[in-house]
Amino acid sequence: MNKGNVILLLTAAIWGFSLVAQKAGMDCMGPWSFTAVRCTLAGICLLPIAAYLDKKRKQEQPDFDAKSDTRSTILPAFWCFIFLEGTTMFQQFGLLWTGVGKGAFITAFYIFLTPVFGLFLKQRITGRTWAAVVIAMIGLFLITMTGPMSAEDKGINFGDVLMFLAAFAYAGYIHAVDRAGVTNIAKLSSMQFFMIGLSSFIPSFIFEAGDITWEHCMISLIPILYAGVISAAGGFTLQMVGQKFTEPSAASIILSSETVFSLFAGWIFFHEILTPLEYVGCAIMVIAIAMTVLPEKRT
């Protein structure tokens, strides 16, 4: 297993446990407000790391121009912002019309869409990768769609369409990260989060006026810190680092293990009991990930 795969598994674990923080943080803030605060905080936290990396590169390459490098990072950061903002908001609003389990399964179609996009980008997708994609989708179905169905889960509704758009957006994000081609990953990540934060403040002031207050921030301090510093600044930056060593289709399968970590987070923090089929789904997900990360035998 290469170090990129290990980093992506750590990313998935961070995101899986972040749902606990996001659930708690939404107690006194709406989705736009919480997103604005956590992403702006993430951008601020990454600034000193980006500055340190620029300084280090300047020492190694005396002709390095930090301002020019910053300008060249804006466009890749913008594309990352577009896809990540789309993923976040399509998911958030999709949940107004569809159930959580069904929504999670539809969004997970990014596992399939990522290699499909890769074909259009002239990437070679192996048969083993396609097999792992199918196995991962089966595992995710058992995890998310085998419990009692609510009224929201029956039939196809507008929320399902939004969740599918979120899957498209996240597959696009994975490829945007893969093709960014920047050296200072902290700078790229910081820029994307400032863009998301600033673009979320405007609708938060219009639709959720009064949500962003010092009192609300203090009440939600721990969730904001985890979701902003660890999940956003840490998780998405680690994703960018991990993808430097792992091709996009494999990365999408590894990152989908977030669902497994979410189940265990619910078990640890909310005492939620896993069903036998959910355990089977987790085991199948482990098989899919193992197929992705273990090297193929050379003949």
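The values are calculated or read from the model by the stated rules, or taken from the named source; none is laboratory data. Quick caveat: nothing in here was measured; it's all calculated off a predicted structure. Cβ coordinates were reconstructed from backbone atoms using ideal geometry, including for glycine residues, and neighbour counts include every protein chain displayed.
At pLDDT below 85, over 19 Å from Ile289 (Cα atoms) and not hydrophobic (A, V, I, L, M, F, W, C) - does that describe any residue in segment 105-119?
No, there is no match, as no residue in segment 105-119 is at pLDDT below 85, over 19 Å from Ile289 (Cα atoms) and not hydrophobic (A, V, I, L, M, F, W, C).
Just one of Leu41, Leu53 is within 19 Å of the chain's Cα centre (by Cα) and among the hydrophobic types (A, V, I, L, M, F, W, C); which is it?
Testing whether each residue is within 19 Å of the chain's Cα centre (by Cα) and among the hydrophobic types (A, V, I, L, M, F, W, C) leaves just Leu41.
Let's see how each residue does on (1) in contact (Cβ under 8 Å) with a residue 12 or more places away in the chain; (2) among the hydrophobic types (A, V, I, L, M, F, W, C); (3) closer than 19 Å to Lys244 by Cα:
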residue	(1), (2), (3)
Ala51	no, yes, no
Arg57	yes, no, yes
Gln61	no, no, no
Leu84	yes, yes, yes
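Checking Gly94 against (1) small (Gly, Ala, Ser); (2) surrounded by 22 or more Cβ atoms within 10 Å (Cβ to Cβ); (3) farther than 30 Å from Thr213 by Cα, only one condition comes out false. Which one?
Status for Gly94: all satisfied but (3).
Write out, first by first residue and then by second, each pair whose Cβ atoms fall under 6 Å of each other, whose residues are 6+ apart or on separate chains, and whose first residue, in segment 129-143, is farther than 10 Å from Met291 by Cα while the second is of a type in the set (Gly, Ala, Ser) and modelled with pLDDT of 85 or more.
Within 6 Å, no pair qualifies.
Of the numbered conditions (1) at pLDDT 80 or above; (2) crowded, with 17+ Cβ neighbours inside 10 Å; (3) out of contact with any Phe, Trp or Tyr (no Cβ under 7 Å at 6 or more places or on another chain), Thr87 fails exactly one; give the number of that condition.
Single failed check for Thr87: (3).
For (1) buried (at least 17 other Cβ atoms within 10 Å of the Cβ); (2) out of contact with any Lys or Arg (no Cβ under 8 Å at 6 or more places or on another chain); (3) of a type in the set (A, V, I, L, M), each residue gets a yes or a no:
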{"residue": "Ser189", "(1), (2), (3)": "yes, yes, no"}
{"residue": "Ile196", "(1), (2), (3)": "yes, yes, yes"}
{"residue": "Ser200", "(1), (2), (3)": "yes, yes, no"}
{"residue": "Gly210", "(1), (2), (3)": "no, yes, no"}
{"residue": "Ile230", "(1), (2), (3)": "yes, yes, yes"}
{"residue": "Gly234", "(1), (2), (3)": "yes, yes, no"}
{"residue": "Ala251", "(1), (2), (3)": "yes, yes, yes"}
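Cys39 - would you say it is in contact (Cβ under 8 Å) with a residue 60 or more places away in the chain and buried (at least 21 other Cβ atoms within 10 Å of the Cβ)?
So Cys39 fits the description; yes.
Looking at (1) under 20 Å from the mean Cα position of the chain (by Cα); (2) at pLDDT below 85, find the lone condition where Phe81 falls short.
Answer for Phe81: the failing condition is (2).
Yes/no matrix, rows are residues, columns are (1) more than 19 Å from the chain's Cα centre (by Cα); (2) at pLDDT 85 or above:
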residue	(1), (2)
Lys122	yes, no
Met149	yes, no
Ala186	no, yes
Ser200	no, yes
Ile212	yes, yes
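Scan segment 109-119 and give yes if some residue there is buried (at least 18 other Cβ atoms within 10 Å of the Cβ), within 29 Å of Met29 (Cβ to Cβ) and among the small types (Gly, Ala, Ser), otherwise no.
Scanning segment 109-119 turns up no residue that is buried (at least 18 other Cβ atoms within 10 Å of the Cβ), within 29 Å of Met29 (Cβ to Cβ) and among the small types (Gly, Ala, Ser).
Determine which member of the set Gln91, Gln123 is assigned to a helix (DSSP H, G or I) and of a type in the set (S, T, N, Q).
Just one listed residue meets the conditions, Gln91.
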